[in-house]
Amino acid sequence: MSAEPRINDRIRVPEVRLVGPSGEQVGIVPLAKALELAQEYDLDLVEVAATARPPVCKLMDYGKFKYESAMKAREARKNQAHTVIKEMKLRPKIDPHDYDTKKGHVVRFLKQGDKVKITIMFRGREQSRPELGYRLLQRLAEDVADLGFVESNPKQDGRNMIMVLGPHKKKTEAMAEARQAQEARKAEAKANPGRSQNAAEHDLDVEHDVDVEAPAEASAEA
C-alpha cells in the first residue's frame, strides 16, 4: 500500500469533507465540486484522512507541501541525537603525563555529549590491589565533574575495573554548540582572509573532529 495520499482524479468517492487552503471548514461537498474548487484556486485536492466517512480532503499546493515536508524531515535527521559510548583504557599506575592526556580525551568526549566507558586494566600482581583502580576512577570522575557524572559506579569485571561517565550536556546541545563554533570560525576566516594557511588547516581539522560521528565504541589504550 502506497504511503502517498490520493490527489485530484485519483480520489474515487462520491463526496468529501472539504478543508479550504487556509484550514477553513467548507463542509461536505460532492467530489466534482471539490475538484472544481481546486481548479479555481489553482491547487490540488489532497485526501488527508482516507478512513474518515466521508474522507477528508484539503485544497493545497501538493508539490510545495511535499518539498517542505522533505526539508523538515532532512532537518530532523540532521539534528537527531545519537548517543555514542566511547571507551578510554588506563593502567592503575599510569604516569601523570599519560593521565592528563587520557583525561583530555574524556573531557572532549563529554563536551561532545557522549558517554565514556573508563576501563582500568590490571596485570599480574596489580589484580591483588583493586583499590588502586578504584582511587584512579574516583580521581578522574572528580576531575571532570563539571562536564559529566558517574552513571555506572566502578565495578570489577575479571581483570578490569569499569566505570561509565555520562555527560551533563545533551547530545543535541553539544551538536548545536559545535555548529555555532564552526560558523564562528568560518566568519572569522572571511573577516581575516590574510591569516596563515596553517591556521586555516587547523580549523578544518577541528571541524572534522567535531562533526564526524565516531563509531559506536572508540577505544584508546594506555
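The values are calculated or read from the model by the stated rules, or taken from the named source; none is laboratory data. Source: prediction; values computed, not measured. Quick reminder, even Gly has a Cβ in these numbers, built from the backbone with ideal geometry, and neighbours come from all protein chains shown. When the accessible area is computed, the model is the full protein with side chains, heavy atoms only, and any ligands, DNA or RNA have been set aside. Shrake-Rupley method; radii C 1.70, N 1.55, O 1.52, S 1.80 Å.
Structure data summary
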{"quantity": "Cross-chain or 6+ apart pairs with Cβ under 7 Å, the stretch 153-167 first and polar (S, T, N, Q), then not in a strand (DSSP E or B)", "calculated": "Gln156/Pro130; Asn160/Phe122"}
{"quantity": "Test: Pro167 is within 16 Å of Arg108 (Cβ to Cβ), in contact with a strand residue (DSSP E or B) (Cβ under 8 Å, 6 or more places away or on another chain) and at pLDDT 70 or above", "calculated": "yes"}
{"quantity": "Residue within the stretch 184-201 that is under 18 Å from Val106 (Cα atoms) and either touching a helix residue (DSSP H, G or I) at 6+ places or on another chain (Cβ under 9 Å) or at pLDDT 75 or above (or both) present", "calculated": "no"}
{"quantity": "Residue within the stretch 73-82 that is open to solvent by less than 90 Å² (accessible area, probe 1.4 Å) and modelled with pLDDT of 90 or more present", "calculated": "no"}
{"quantity": "Per-region count, the stretch 103-130, residues without any contact (Cβ under 8 Å) to a residue 24 or more places away in the chain, farther than 18 Å from Val150 by Cα and open to solvent by less than 60 Å² (accessible area, probe 1.4 Å)", "calculated": "1"}
{"quantity": "Cβ pairs under 6 Å, 6+ apart, first in the stretch 59-78 and within 15 Å of Val48 (Cα to Cα), second of a type in the set (A, V, I, L, M, F, W, C)", "calculated": "Leu59/Ala38; Leu59/Leu43; Met60/Leu43; Met60/Val46; Asp61/Leu43; Tyr62/Ile7; Tyr62/Val46"}
{"quantity": "Any hit, the stretch 93-100, residues being within 30 Å of Glu126 (Cβ to Cβ), acidic (Asp, Glu) and part of a helix (DSSP H, G or I)", "calculated": "yes"}
{"quantity": "Residues of the stretch 108-140 that turn out to be closer than 26 Å to Ala176 by Cβ and either in contact with a strand residue (DSSP E or B) (Cβ under 7 Å, 6 or more places away or on another chain) or outside any helix (DSSP H, G or I) (or both), as a count", "calculated": "8"}
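For every residue, the table says whether it meets (1) part of a strand (DSSP E or B); (2) among the polar types (S, T, N, Q); (3) closer than 30 Å to Glu173 by Cβ.
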residue: Leu18; (1), (2), (3): yes, no, no
residue: Gly23; (1), (2), (3): no, no, no
residue: Gly27; (1), (2), (3): yes, no, no
residue: Glu36; (1), (2), (3): no, no, no
residue: Glu47; (1), (2), (3): yes, no, no
residue: Arg53; (1), (2), (3): no, no, no
residue: Gly63; (1), (2), (3): no, no, no
residue: Ala70; (1), (2), (3): no, no, yes
